[in-house]
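Just below is one structure, and these are the notes that go with it.
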Amino acid sequence: MNTARQPIGVFDSGIGGLTVVKALAEELPGESIVYFGDTARVPYGTKSKTTIVKFSLENVEFLLRHGVKCIVIACNTASSWALPTLRKYFKVPIVGVIRPGALAAVRQTRSRRVGVIGTNATINSQAYETAIHRIDPRIKVFSQSCPLFVPLVEEGWLHGAISREIAEKYLAPLKKQRIDTLILGCTHYPLLAETIRQVLGPGVALVDSAQQTAAEVRGLLTGIEALAHERLHPRYRFFVTDEPTQFNRIGSQFLGRVLGPVERVNGQTH
Ligand code: DGL
């Protein structure tokens with residue numbers, strides 16, 4: 001098969017990874033995508049490393065059965081904990097969202113005071129700190145888990161008093177640290193960007209890993225001469241492991257456009 005024509009595989013714990021698909025579609029409009037959302041087992045952000053790695057291995061196996069030419073781990077939690085193991089087990093090129101997000105933040109910060117928000121698992125892994133310090137050890141990193149943000153977004157409560165109050169509470173410690181850059185270290189958080197911006201004010205730049213990840217995928221595909229020609233008609237396929245009701249209901253908000261058909265696959269044997 002011509003590698004350029006093979007799809008890019010993307011996996012996430014559920015629906016949130018569609019924010020990464022959106023960025024990939026903008027950066028690489030000729031590419032076909034196979035998306036896998038593990039909706040039966042979401043959230044990953046509250047689970048242990050062992051479980052997250054096990055699920056991630058299965059997710060990659062699923063995508064490989066669909067003939068993907070590379071894999072993007074859209075999920076920050078899975079990228080934080082599973083990327084090294086996945087790279088050890090599989091030959092297919094795999095891109096996570098942590099390093100691209102860290103790189104974007106390092107380029108952005110002037111004061112070298114960077115905040116990171118994410119799920120409990122992502123923050124506990126210290127993956128962003130490690131990635132930032134690998135690029136510039138002088139940067140001070142302040143982290144905060146925001147576990148209520150995911151259900152808030154899935155409930156569609158992106159604005160208003162409740163979201164604002166929760167954001168105030170979570171972000172107060174970061175405000176105190178006078179950060180000038182904040183990494184939105186979770187697939188769902190870009191949807192709360194407006195509320196977060198209101199709380200932190202215009203002096204704090206918000207970094208979304210998705211765009212930088214898409215740029216990294218372009219670099220990777222160019223390097224292995226597997227970039228799809230923009231005139232090719234891309235095909236998007238969406239697979240989930242539970243009833244796609246919720247996915248269909250709010251997926252377009254994450255993707256920024258109408259979602260195509262969503263196929264359910266068996267949770268155990270996918
Ligand atoms: N996709 C996850 C992440 O980016 C958020 C949802 C979850 O906890 O599984 O960390």
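The values are calculated or read from the model by the stated rules, or taken from the named source; none is laboratory data. For clarity, every value in this text was computed on a predicted model and none was experimentally measured. Methodologically, a virtual Cβ is constructed for each residue, glycine included, from the backbone with ideal geometry; neighbour enumeration extends over all protein chains shown. All accessible areas refer to the heavy atoms of the entire protein, side chains included, with ligands and DNA or RNA removed. Shrake-Rupley method; radii C 1.70, N 1.55, O 1.52, S 1.80 Å.
Could you pull out the GluC sites (Glu not before Pro) across region 199-252 that fall in loop regions by DSSP (anything but H, G, I, E, B) with no more than 15 other Cβ atoms inside 10 Å? Those satisfying the criteria are 225, 230. In the context of the full set of protein chains, region 5-45 has a per residue accessible area of 22 Å² (1.4 Å probe).
How would you classify region 169-270 from its alpha-carbon gyration tensor, with a ≥ b ≥ c the square roots of the eigenvalues: rounded for a/c under 1.5, else prolate if a/b is greater than b/c, otherwise oblate? Please list the in-between numbers first.
Numbers: a/c = 2.47, a/b = 1.45, b/c = 1.70.
In terms of gyration-tensor shape, oblate.
Overall, the anisotropy analysis places the chain in the prolate class: the square-rooted eigenvalues a ≥ b ≥ c of its C-alpha gyration tensor yield a/c not less than 1.5, with a/b exceeding b/c. Relative protection proxy for 181-187, 79-85, from highest mean packing down: 181-187, 79-85 (other beta-carbon atoms within 10 angstrom).
Panel note: the C-alpha atoms of region 38-139, placed on their principal axes, show extents of 46, 29, 20 Å (largest first).
By the rule of a C-alpha distance below 28 Å, with chain neighbours fewer than 8 residues away ignored, the lysines paired with residue 169 are 47, 49, 140.
Ranked by the mean number of other Cβ atoms within 10 Å of their residues, highest first, the peptides 96-103, 201-208, 42-49 fall in the order 96-103, 42-49, 201-208. 3J(HN,Hα) along region 15-31: 8, x, x, 5, 5, 6, 4, 4, 5, 5, 5, 6, 6, 10, x, x, 8 Hz, from the Karplus curve 6.51 cos²θ - 1.76 cosθ + 1.60 with θ = phi - 60°, whole Hz, x for Gly and Pro. Take every Cα pair under 8 Å in region 139-270 that's 6+ residues apart, average their separations, divide by the length, and report that relative contact order as a whole percent. RCO, region 139-270: 20 percent.
Relative to the longest principal axis of the Cα atoms of the chain, helix 161-176 runs at roughly 70 degrees.
Set Lys and Arg Cβ to +1 and Asp and Glu Cβ to -1, take the dipole of region 1-122 about its Cα centre, and tell me which of 63, 9, 109 lies farthest positive. Value: 109.
Dipole size of the chain about its Cα centre, with +1 on Lys/Arg Cβ and -1 on Asp/Glu Cβ: approximately 740 debye, rounded to the nearest 20. Centroid-to-centroid, using Cα positions, region 4-60 and region 109-163 are 19 Å apart.
Against the main long axis of the alpha-carbon atoms of the chain, helix 245-255 sits at an angle near 70°. A Gaussian network model of the chain, with springs between Cα atoms under 10 Å, assigns the largest mean-square fluctuation among 92, 217, 53 to 92. One decimal place: the segment residue 92-residue 249 gains 53.3 nm when fully extended, by the rule 0.36 nm per residue minus the C-alpha distance.
Counting helices only, and only those DSSP H runs with n ≥ 4, report the 222 nm mean residue ellipticity of the chain as the sum of -39,500 (n - 2.57) divided by its residues, in deg cm²/dmol to the nearest 500.
Numbers: 11 runs with 122 residues, N = 270.
Value at 222 nm, helices only: -13500 deg cm²/dmol.
Probe radius 1.4 Å, ligands and nucleic acids ignored: give me the carbon and sulfur share of the accessible area of the chain as a rounded percent.
Numbers: 6210 of 12320 Å².
Of all accessible area on the chain, carbon and sulfur atoms account for 50 percent.
Partner aspartates and glutamates whose Cα lies under 14 Å from the Cα of residue 176, excluding those fewer than 8 positions away in the same chain, are identified as 168. When you restrict to C-alpha pairs under 8 Å that are six or more residues apart and normalise by the size of region 103-179, the relative contact order lands at 37 percent.
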